[in-house]
Amino acid sequence: MSEPTHTLTAPDLAAPDPAAVKAEMLKIYPAKTAKKRAKQIILNDPETPPEIGANSRTIPGIITQRGCTYAGCRGVVLGPIYDILQITHGPVGCGFYAWLSRRNLVRPPAGSTNYLQYCMNTDMQEDQIVFGGEKKLTQAIREAYAIFKPKAIAILATCPVGLIGDDIHTVAKLMKAELGINVMAFSCEGYKGVSQSAGHHIANNGVFKNIIGLDDKPDEAEFNMNILGEYNIGGDAWEIDTLLRKCGIHVTSTLSGDVSYDQVKKSHTVMLNGVMCHRSINYIAEMMEKKFGIPWIKVNFIGAEATAKTLRKIAKFFDSKKLTDRVEEVIAQEMIALRPVRAEIKARHQGKKAALFVGGSRAHHYQDLFRDIGMEIVSAGYEFAHRDDYEGRKVLPTIKVDADSRNIEELHVEADPARFKPTKTPEQMEALKAGGFSFKDYEGMMVEMKKSTLVIDDITHHEMEKLIEIYKPDIIGSGIKDKFVIEKMGVPCKQLHSYDYSGPYAAFAGAVNFYREVDRMLTTKVWKYITPPWEKAPLASVELVHASKLGGAKKNGEAKAWRKAAAGGEEA
Amino acid sequence: MLDGTTAEIKPREALRINPAKTCQPIGAMYAALGIHGCMPHSHGSQGCCAYHRSHLTRHFKEPVVATSSSFTEGASVFGGLANMTQALSNIFTIYDPKIVAVHTTCLSEVIGDDIPMMIKKATEEGIIPAGKVVIHANTPSFVGSHVTGFASMVTAMVKYLSESSGKTEAQLKDEPQLNIIPGYIDPADMRELKRIIKEMGVKTVLFPDTSGVLDLPQDGRYRMFPSGGATIEQIKSAGDSVGTIALGHFASHPAAEKLDEKCNVPCALLELPYGLTNTDRFIHALRNHGGVDVPGTLGEERGRLLDAMGDMHQYFHGKRVAIAGDPDHVIALTQFLVELDMKPAYVITGSSGNHFEQRVTEILKDQAPEAIVKQNSDLFALHQWIKNQPVDLLIGNTYCKYIAHVEKIPFVRFGFPVLDRMGHRYFPGVGYMGALRLMEKINDALLDHKDRECPEETFELIQ
Ligand code: SF4
Ligand code: SF4
């Protein structure tokens, strides 16, 4: 590849045959590896999505995007609650890397401490590995309390903790009694699951057991809901909140983006849960429904069309003419600002190709944004999602629980006798359903993707290289570990975990930001300079002329020569 | 910002807050990337490897590839042999590196996996193809820090690769070669060391060498194993060198000592060449042990640095400075600040090691005997001291920026990691030219701060 791949954009190239691409990707692997990866590279059928081997073990020696269970627990649901003081129990590293490396933006009110700016851990030493670390942990909690006086403390375990058998739950219980504040323990050792996903589940369980339901006083609002699975990367939660407020809907708690411990305590007092990232938080949505009677629906505020659809769905749920009218007004208003930008950018990039490999929901949600501007998704896949996120929740009963998933506790939840107050009566729910409304309705990524598109779970480094070589996408959405690999090949890569330190991209205003961002990445001159002029046109260069010979034509001649040089030897 | 940090200092023994160090494997991974054609391999759960790759990538903004044994609970209980074997088979089949450098993680250390046995077994079973090499370093993170991990991997290079070929002294003196062990410095620094060495005309082997690996040009191509890095042959030949110049007590001296022990190569144990006198010592050592003269060009560089120090030292003189970072870096930088007439007030490292406190105290004994010097410290402690008695300048990695912001202190980024600025990726901090750059950064930070904060009547056009 001497030419940057992006210049070979492809209406002129025959569309690659996905089955052949798959075979090409697998070709180099040892048999055992090929067999396993074959189950994770799937030719899509939106009618009846084929089974994908998601949420299975990562193959040793394969360069993967995935992280660990601890990262999942520290990173989402629990981690971003800004005023819980979190202590990582373990050697210094795990906690260090999780320190401020996810962009969960917060604006705490005056007087409240944002513990996300702190990295606290027990910096375990050999002594504790040999003789146990409970004493040091207990001491660390006492010191943290004495220094910071937090409302609540969470303890997170890393790999060595489980192995040496420290009982962090007993420590938490004792400390809770001693200090009189909520002290919670999370057994999220890195090896507990096959990816971050296990950590999400553990965080869901802990937050549900220990925080949700501690404060029964609801926020006063006519329409009151939570947004679940939204982490306020780059300010997304703020965009969503602002939009909903415009419509007259109050968000009690965003789990977990710019959210306080106190907000989470009363998150069970709402009428509706809207689930953004299904993968990371469907457990809490389910448990809140069972225990408190709060129905949940899938929402998606990524993409203009998706946002409008979501607003209408929420309005329909609340079943109020006033709200419905207001929602239509807001959509109309927002679209007035959005349309011209979208049209302008769409005109430039219609038909260009994107591929998305990230997370547990974004590889799906961001397809909507690219489609908004007429781009095509040539391939997509998640990093740590499960089959239901690909194929839809309808496959849940058929998912085999393997040894790794069995590791993670399934909380047994029953209706709370005093507090189970369904927002809607069974009749109302049935009526809504009869009218085409669906609850718990995540249909997954595959139904929205074209037939035969390659869906690749936990894409490996090698497969990514092949994909770029063959499909030559114009842009790829991925994460920090891939970004510069991809860009070295001359293909711009948008980090969809950190947003490359920009954003927000949610709701209408966020969509406009994203269109502009894609436009910037696809039009920047950087990639055009890759080939130096002497390689493009070896013989063309600035001529040497005697100044005296230039005469009257000097000025013109000079300008022409410079133009020529600037254009890499070709006449501009 | 950092609203929970108060001036009142309460006793703290067990709780680490805002560390000034991280864990061993990231250093080992970085060192391994300084071998040409090397795949670093993390033996443990994949989370560590993901964290280390991500963080190195954020610092270098370059592809950082490494593999993991991807333990799940089974491996954690029964040992990681099967995972290692499968990993090696995949790595050599798919990525085809020349060498794999294995480091452990807390997990594999706690369960006590025997890596040499695993490598031996993989060799016997033919999983490691003929001509390919696998080396290893133990890097438990409940001991030491990322600097220890770096040092251990460099030492592993010596243990596994360096050899004395049995050449006679006379043969070796014929074309004398020096080893340079550069320490935990950036690719731009390694590149600068090589430039200086070339100017001097000394034949050297520099290892590890991440220049040409983690500072790649954009040419539209991705190469998993780029042209840079010390080759296996070079590291092998280190055993035949006439001497080793090792830069940094913590990151480099252990490997130099190992090389002496194994191949009888004597070593000069220096500090990192940050600042004037440390660079002087490095060049002096190259001159004497390489048998060359110092070229005029380097003399001129030195002269320009000294000239700038003379021109600008009024802005440095007596300024109180807080420094946080890795021990070798901080020791050398403290020396440079003393050369600039500054007054280091708090000098900390997150790593442990008495040598740090002894050496810094010695450097400061005339100029700033009252300075607080601490190993095994953290940024929270540093911040509290600053709250009690402020400083004029803070120097440290990116994590320090929160302290600088909230306390409104001029701030210079230095060390590892720098996650929010670009200069370290391209411009060296070592050598005379590097010292000029550091000095410029300090000067800019101080004067920009003055320009921003001073009353109008002292806002000056010329400084
Ligand atoms: S488990 Fe150990 S090696 Fe892994 S990230 Fe944590 S401290 Fe580092
Ligand atoms: S895998 Fe274990 S040791 Fe590694 S980062 Fe995760 S919790 Fe820490």
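Restrict the check to the range A:58-75 and report whether at least one residue is among the hydrophobic types (A, V, I, L, M, F, W, C), more than 7 Å from every other protein chain (Cβ to nearest Cβ) and either open to solvent by 20 Å² or more (accessible area, probe 1.4 Å) or part of a loop (DSSP other than H, G, I, E, B) (or both).
no
How many residues are within 16 Å of ligand 2 (Cβ to nearest atom) and not in a helix (DSSP H, G or I) if we restrict to the range A:140-167?
7
Would you be able to tell me the number of residues in the range B:276-312 that are more than 19 Å from residue B:206 (Cα to Cα) and among the hydroxyl-bearing types (Ser, Thr, Tyr)?
Final tally of qualifying residues: 2.
Please specify each residue of the range A:168-205 satisfying the condition of being more than 16 Å from ligand 2 (Cβ to nearest atom) and either at pLDDT below 95 or within 30 Å of residue A:386 (Cα to Cα) (or both). Quick ask: steps written out before the conclusion?
Kept after step one, since they are more than 16 Å from ligand 2 (Cβ to nearest atom), are these residues of the range A:168-205: A:169-184, A:204-205.
Hits for the range A:168-205 are A:169, A:184, A:204, A:205.
Does residue A:101 count as away from ligand 2 (no atom under 16 Å from the Cβ) and within 28 Å of the chain's Cα centre (by Cα)?
Values: away from ligand 2 (no atom under 16 Å from the Cβ): no; within 28 Å of the chain's Cα centre (by Cα): yes.
So residue A:101 does not fit the description; no.
Could you list all residues from the range A:465-485 that are hydrophobic (A, V, I, L, M, F, W, C) and more than 8 Å from chain B (Cβ to nearest Cβ)? Walk me through it before giving the result.
Step one: filter the range A:465-485 for residues hydrophobic (A, V, I, L, M, F, W, C), giving A:467-468, A:470, A:475-476, A:480, A:484-485.
Listed by number, the residues that qualify are A:467, A:468, A:470, A:475, A:476.
If you take just the helices (runs of 4 or more DSSP H) that sit entirely in the range B:306-410, which of them hold at least 3 residues that are in contact (Cβ under 8 Å) with a residue 60 or more places away in the chain and open to solvent by 30 Å² or more (accessible area, probe 1.4 Å)?
Passing ranges, in order: B:379-388, B:401-407.
Consider residue B:130 carefully, then state whether it is within 12 Å of chain A (Cβ to nearest Cβ) and more than 16 Å from ligand 1 (Cβ to nearest atom).
Spelling it out, it is not the case that residue B:130 is within 12 Å of chain A (Cβ to nearest Cβ) and more than 16 Å from ligand 1 (Cβ to nearest atom).
Checking the structure you have, find out if any residue of the range B:10-23 is touching a residue at least 12 places away in the same chain (Cβ under 8 Å), closer than 17 Å to residue A:57 by Cα and touching a Cys at 6+ places or on another chain (Cβ under 9 Å).
Checked the range B:10-23: no residue is touching a residue at least 12 places away in the same chain (Cβ under 8 Å), closer than 17 Å to residue A:57 by Cα and touching a Cys at 6+ places or on another chain (Cβ under 9 Å).
Only one of B:42, B:76 is over 20 Å from residue A:462 (Cα atoms) and either within 16 Å of ligand 2 (Cβ to nearest atom) or out of contact with any Gly (no Cβ under 6 Å at 6 or more places or on another chain) (or both). Can you tell me which? Break it down into steps so the answer makes sense when it comes.
Details: B:42 fails: over 20 Å from residue A:462 (Cα atoms).
Matching residue, one of B:42, B:76: B:76.
Restrict the check to the range B:417-430 and report whether at least one residue is without any contact (Cβ under 8 Å) to a residue 40 or more places away in the chain, closer than 30 Å to residue B:303 by Cβ and open to solvent by less than 40 Å² (accessible area, probe 1.4 Å). Working first, answer last.
So in the range B:417-430, the residues without any contact (Cβ under 8 Å) to a residue 40 or more places away in the chain come out as B:420-421, B:423.
Applying the additional criterion that residues be closer than 30 Å to residue B:303 by Cβ yields B:421, B:423.
Retained after the next criterion (residues that are open to solvent by less than 40 Å² (accessible area, probe 1.4 Å)): B:423.
Scanning the range B:417-430, I find at least one residue that is without any contact (Cβ under 8 Å) to a residue 40 or more places away in the chain, closer than 30 Å to residue B:303 by Cβ and open to solvent by less than 40 Å² (accessible area, probe 1.4 Å), so the answer is yes.
Give B:40, B:116, B:97, B:63 a once-over and let me know the one that is over 30 Å from residue A:408 (Cα atoms), open to solvent by 10 Å² or more (accessible area, probe 1.4 Å) and more than 10 Å from every other protein chain (Cβ to nearest Cβ).
B:116
Going through the range A:164-219 one residue at a time, which ones are more than 16 Å from ligand 1 (Cβ to nearest atom) and charged (D, E, K, R)?
Scanning the range A:164-219 gives A:167, A:173, A:176, A:178, A:209, A:215, A:216, A:217, A:219.
If you take the residues in the range A:486-508 that are touching a helix residue (DSSP H, G or I) at 6+ places or on another chain (Cβ under 6 Å) and under 28 Å from residue A:311 (Cβ atoms), which one is nearest to the other protein chains (Cβ to nearest Cβ)?
Residue satisfying both the conditions and the ranking: A:495.
Tell me which of these residue B:108 doesn't satisfy, since it passes every other one: (1) open to solvent by less than 10 Å² (accessible area, probe 1.4 Å); (2) away from chain A (no Cβ under 14 Å); (3) within 16 Å of ligand 1 (Cβ to nearest atom).
(2) is the only condition that residue B:108 fails.
Among A:116, A:100, which is open to solvent by 10 Å² or more (accessible area, probe 1.4 Å), more than 7 Å from every other protein chain (Cβ to nearest Cβ) and either small (Gly, Ala, Ser) or on the phi > 0 side of the Ramachandran plot (or both)?
Details: A:116 fails: either small (Gly, Ala, Ser) or on the phi > 0 side of the Ramachandran plot (or both).
Selected residue: A:100, the only one of A:116, A:100 that is open to solvent by 10 Å² or more (accessible area, probe 1.4 Å), more than 7 Å from every other protein chain (Cβ to nearest Cβ) and either small (Gly, Ala, Ser) or on the phi > 0 side of the Ramachandran plot (or both).
Name the residue, out of B:54, B:45, that is touching a residue at least 40 places away in the same chain (Cβ under 8 Å), within 16 Å of ligand 1 (Cβ to nearest atom) and either hydroxyl-bearing (Ser, Thr, Tyr) or at the interface with another protein chain (Cβ under 7 Å from one of its Cβ atoms) (or both).
B:45
So, residue B:14, is that one within 7 Å of chain A (Cβ to nearest Cβ) and either more than 23 Å from the chain's Cα centre (by Cα) or away from ligand 2 (no atom under 16 Å from the Cβ) (or both) or not?
Taking the combined requirement at face value, the residue satisfies it.
When you check residue B:22 against the structure, is it at the interface with another protein chain (Cβ under 9 Å from one of its Cβ atoms), in a loop (DSSP other than H, G, I, E, B), modelled with pLDDT of 95 or more and open to solvent by 10 Å² or more (accessible area, probe 1.4 Å), yes or no?
It is false that residue B:22 is at the interface with another protein chain (Cβ under 9 Å from one of its Cβ atoms), in a loop (DSSP other than H, G, I, E, B), modelled with pLDDT of 95 or more and open to solvent by 10 Å² or more (accessible area, probe 1.4 Å).
Is it the case that some residue within the range B:88-103 is in contact with a strand residue (DSSP E or B) (Cβ under 6 Å, 6 or more places away or on another chain), assigned to a loop (DSSP other than H, G, I, E, B) and within 15 Å of ligand 2 (Cβ to nearest atom)?
There is no residue in the range B:88-103 that is in contact with a strand residue (DSSP E or B) (Cβ under 6 Å, 6 or more places away or on another chain), assigned to a loop (DSSP other than H, G, I, E, B) and within 15 Å of ligand 2 (Cβ to nearest atom).
Give the residue, chosen from B:238, B:170, B:251, that is part of a helix (DSSP H, G or I), under 21 Å from the mean Cα position of the chain (by Cα) and of a type in the set (Gly, Ala, Ser). Walk me through it before giving the result.
On the way: B:170 fails: under 21 Å from the mean Cα position of the chain (by Cα); B:251 fails: part of a helix (DSSP H, G or I).
Of B:238, B:170, B:251, the one residue that is part of a helix (DSSP H, G or I), under 21 Å from the mean Cα position of the chain (by Cα) and of a type in the set (Gly, Ala, Ser) is B:238.
Check whether at least one residue in the range A:257-269 is open to solvent by less than 10 Å² (accessible area, probe 1.4 Å), in a helix (DSSP H, G or I), hydrophobic (A, V, I, L, M, F, W, C) and closer than 15 Å to residue A:229 by Cα, and report yes or no.
Looking only at the range A:257-269, we keep the residues that are open to solvent by less than 10 Å² (accessible area, probe 1.4 Å), and these are A:257, A:259, A:264, A:267.
Right, trim to in a helix (DSSP H, G or I) and you get A:264, A:267.
Still in the list and also hydrophobic (A, V, I, L, M, F, W, C): A:264.
Keeping just the survivors that are closer than 15 Å to residue A:229 by Cα gives A:264.
For the range A:257-269, residues open to solvent by less than 10 Å² (accessible area, probe 1.4 Å), in a helix (DSSP H, G or I), hydrophobic (A, V, I, L, M, F, W, C) and closer than 15 Å to residue A:229 by Cα: present.
Table: residues versus (1) away from every other protein chain (no Cβ under 14 Å); (2) surrounded by fewer than 23 Cβ atoms within 10 Å (Cβ to Cβ); (3) in contact with a Gly (Cβ under 9 Å, 6 or more places away or on another chain).
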residue	(1), (2), (3)
A:141	no, no, no
A:173	yes, yes, no
A:188	no, no, yes
A:203	yes, no, yes
A:210	yes, yes, no
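Within 16 Å of ligand 1 (Cβ to nearest atom) and not assigned by TED's automatic domain parsing to the domain that holds residue A:171: which single residue out of A:58, A:122, A:48, A:33 fits that description?
Values: A:122 fails: not assigned by TED's automatic domain parsing to the domain that holds residue A:171; A:48 fails: within 16 Å of ligand 1 (Cβ to nearest atom); A:33 fails: within 16 Å of ligand 1 (Cβ to nearest atom).
So the residue among A:58, A:122, A:48, A:33 that is within 16 Å of ligand 1 (Cβ to nearest atom) and not assigned by TED's automatic domain parsing to the domain that holds residue A:171 is A:58.
Check A:41, A:59 and return the single one that is in contact with a Ser or Thr (Cβ under 6 Å, 6 or more places away or on another chain) and under 30 Å from residue B:81 (Cα atoms).
The match here is A:59.
Restricting to the range B:316-351, count the residues that are touching a helix residue (DSSP H, G or I) at 6+ places or on another chain (Cβ under 9 Å) and at positive phi.
Selection size over the range B:316-351: 2.
Hey, among B:154, B:110, B:158, B:147, which residue is among the hydrophobic types (A, V, I, L, M, F, W, C), closer than 18 Å to residue B:68 by Cβ and not in a loop (DSSP other than H, G, I, E, B)?
Sole residue among the options that is among the hydrophobic types (A, V, I, L, M, F, W, C), closer than 18 Å to residue B:68 by Cβ and not in a loop (DSSP other than H, G, I, E, B): B:110.
The values are calculated or read from the model by the stated rules, or taken from the named source; none is laboratory data. As the structure is a prediction and not an experimental result, all values here were calculated from the model. Quick reminder, even Gly has a Cβ in these numbers, built from the backbone with ideal geometry, and neighbours come from all protein chains shown. These accessible areas exclude ligands, DNA and RNA; they are computed on the full protein's heavy atoms, side chains included. Shrake-Rupley method; radii C 1.70, N 1.55, O 1.52, S 1.80 Å.
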